[in-house]
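First up is the structure itself, then whatever we jot down about it.
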Amino acid sequence: MTVEEKPIVMEVETVVRRPDEWYVEAASRGDREAFDQLVRRHQQGVINAAAYYLGHQEDALEVAQESFLKAYRSLEGFKGKASFRTWLLRITLNTARSFHAHRQAIKRSGTTATISISAASEKEDQGDLELNDSSGDPHQLLERKELQQLIEDAIQSLDDRARRIIILRDILGEPYQAIADEEGLTLGTVKTRVHRARLELREIIGDFL
């Protein structure tokens with residue numbers, strides 16, 4: 001008697017990458033794990049946005065934490081006009097602006113205080129601020145680091161409106177239309193503001209860009 005050989009069927013678990021909107025809907029129903037997934041997916045972008053706005057990494061971490069808390073509490077207000085990422089970055093920049101204003105007020109008053117902080121891109125031009133990776137040459141690495149710091153300092157010198165628009169577009173690579181939808185502006189207005197902000201940066205940085 002022969003034994004019929006049967007193929008071995010192995011069940012392979014497939015990981016489905018769900019869109020942000022799926023997690024937003026789940027989180028709005030009280031699923032904390034769904035929101036934790038959104039945090040893991042977007043935390044670096046949020047920290048980067050806050051860091052470029054404030055120019056200080058530790059402050060950026062505080063603002064990022066507060067921004068996620070605000071986003072969680074405001075999930076019902078997410079209407080999907082723009083992507084969840086753009087909506088979240090807008091919350092982040094608003095939070096960073098408030099944080100910065102508070103710190104400036106403290107400096108002007110000469111007092112000390114602390115702020116309690118609770119716990120897919122379109123193929124458009126990528127902006128004028130993109131820095132290409134240099135080789136491992138120490139001198140080139142040093143020059144790139146100095147240029148990076150120069151750009152961060154220059155962004156700090158912009159007014160709030162220009163700073164927001166340049167961070168969203170040139171640092172984080174948000175599509176023009178997504179910025180327009182979330183900021184309540186026309187596409188032409190966004191492009192004009194980006195252009196003007198870039199010109200301001202060029203005047204500050206000069207030949208480095």
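Run the numbers for Gln43 and Lys79: contour at 0.36 nm per residue of separation, minus the present Cα-Cα distance, in nm. Write out the running numbers ahead of the final one.
On the way: separation 36, 0.36 × 36 = 12.96 nm, distance 2.09 nm.
Difference between extended and current length: 10.9 nm.
For Leu185, list long-range residues whose amide hydrogen, built 1.01 Å from N in the peptide plane, is under 5 Å from its own amide hydrogen.
Here the answer is none, since no amide H 5 or more places off falls under 5 Å of that of Leu185.
Using the Karplus curve 6.51 cos²θ - 1.76 cosθ + 1.60 with θ = phi - 60°, work out ³J(HN,Hα) for each residue of segment 59-66 in order, rounded to whole Hz, and write x for Gly and Pro.
Each residue of segment 59-66 in turn: 4, 4, 5, 5, 5, 4, 4, 5 Hz.
Just to be sure I understand the model, the point goes 7 Å from the Cα along the line to the Cβ. What's the resulting Leu150 to Lys70 distance in nm?
Between Leu150 and Lys70, the label points sit 3.3 nm apart.
Taken together, the values in this text are just the output of simple stated rules run on the coordinates, not laboratory data. Just so it is clear, the structure is predicted and the values come from calculations on it, not from any experiment. Heads up, the Cβs are rebuilt from the backbone with ideal geometry, glycines too, and the neighbour counts pull from every protein chain shown.
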